[in-house]
Amino acid sequence: MAEVVSVNISEQKGTVKREVPAIQLKLRHGIVGDAHAGDWHRQISLLAEESVDTMRPLLPGLRPGAFAENVNTRGIDLKSLPVGTRLRLGETVVEITQIGKECHNDCAIKKTTGKCVMPTEGVFAVVVQEGTVRKGDPIELLKEGRA
């Protein structure tokens with residue numbers, strides 16, 4: 001079964017996110033208290049722990065939020081899900097709006113290792129149903145998006 005491995009926020013843009021016990025998702029906003037929240041298509045970022053694991057040989061001390069992701073998952077292949085896919089994360093529902101992103105030129109991980117998984121394997125979503133997400137919450141695929 002797929003599950004949430006960690007939830008992470010940062011109060012200021014340009015800083016590494018830190019793990020927190022829970023995040024509150026709000027419609028047309030994203031995560032309450034996160035610097036990247038707002039009424040846009042990238043309210044929440046998700047990254048599979050399996051993707052993070054591929055980087056651990058190069059950076060063994062990686063912590064949740066190191067790639068600026070809000071939610072780390074395990075047991076679901078996020079990067080293969082098409083835009084429009086809906087996922088239940090705990091009591092919330094999110095819809096994938098973007099796969100990957102352009103990497104910042106000043107990305108510390110890319111500078112150190114020569115690569116970064118977030119630009120190709122991270123996904124972004126908007127809030128469809130408000131609520132709380134916590135570490136250990138189940139993840140359920142509700143609707144496949146358009147390929």
**Report entry** Complete set of residues in the range 34-89 that are among the acidic types (D, E) and surrounded by 13 or more Cβ atoms within 10 Å (Cβ to Cβ)
**Finding:** D34, E49, E50, E69
Report summary line: The one condition L47 fails out of (1) in a helix (DSSP H, G or I); (2) modelled with pLDDT of 90 or more is (1)
Requested in this report: Return the residue satisfying two criteria in turn: it lies in the range 65-77 and is in a loop (DSSP other than H, G, I, E, B) and over 10 Å from the mean Cα position of the chain (by Cα), and of such residues it is nearest to A22 (Cα to Cα).
Outcome: A66
Query - Single residue of P82, P60, P21, P64 found to be more than 20 Å from E121 (Cα to Cα) and not acidic (D, E) - result: P21
**Report entry** Residue list for the range 1-12, restricted to those being of a type in the set (D, E, K, R) and surrounded by fewer than 15 Cβ atoms within 10 Å (Cβ to Cβ)
**Finding:** E11
Query raised in the report: Taking the condition among the polar types (S, T, N, Q), open to solvent by 30 Å² or more (accessible area, probe 1.4 Å) and in a loop (DSSP other than H, G, I, E, B), does T15 pass?
Result: yes
Report summary line: Filter the range 110-147 for residues that are open to solvent by less than 20 Å² (accessible area, probe 1.4 Å) and closer than 17 Å to L59 by Cα; the one that is modelled with the highest pLDDT is M118
Requested in this report: May I ask you to list the residues in the range 23-33 that are out of contact with any Asp or Glu (no Cβ under 9 Å at 6 or more places or on another chain) and surrounded by fewer than 19 Cβ atoms within 10 Å (Cβ to Cβ)?
Outcome: V32
Query raised in the report: Quick one: which of G38, G100, G30, G75 is in contact with a Ser or Thr (Cβ under 8 Å, 6 or more places away or on another chain) and either on the phi > 0 side of the Ramachandran plot or charged (D, E, K, R) (or both)?
Result: G100
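The values are calculated or read from the model by the stated rules, or taken from the named source; none is laboratory data. Computed from a prediction, not measured in an experiment: that's the story for all the values here. No Cβ is skipped: glycine too gets one built from the backbone with ideal geometry, and neighbour counts run over all protein chains shown. Side chains are part of the model used for accessible areas, which takes the heavy atoms of the whole protein and leaves out ligands, DNA and RNA. Shrake-Rupley method; radii C 1.70, N 1.55, O 1.52, S 1.80 Å.
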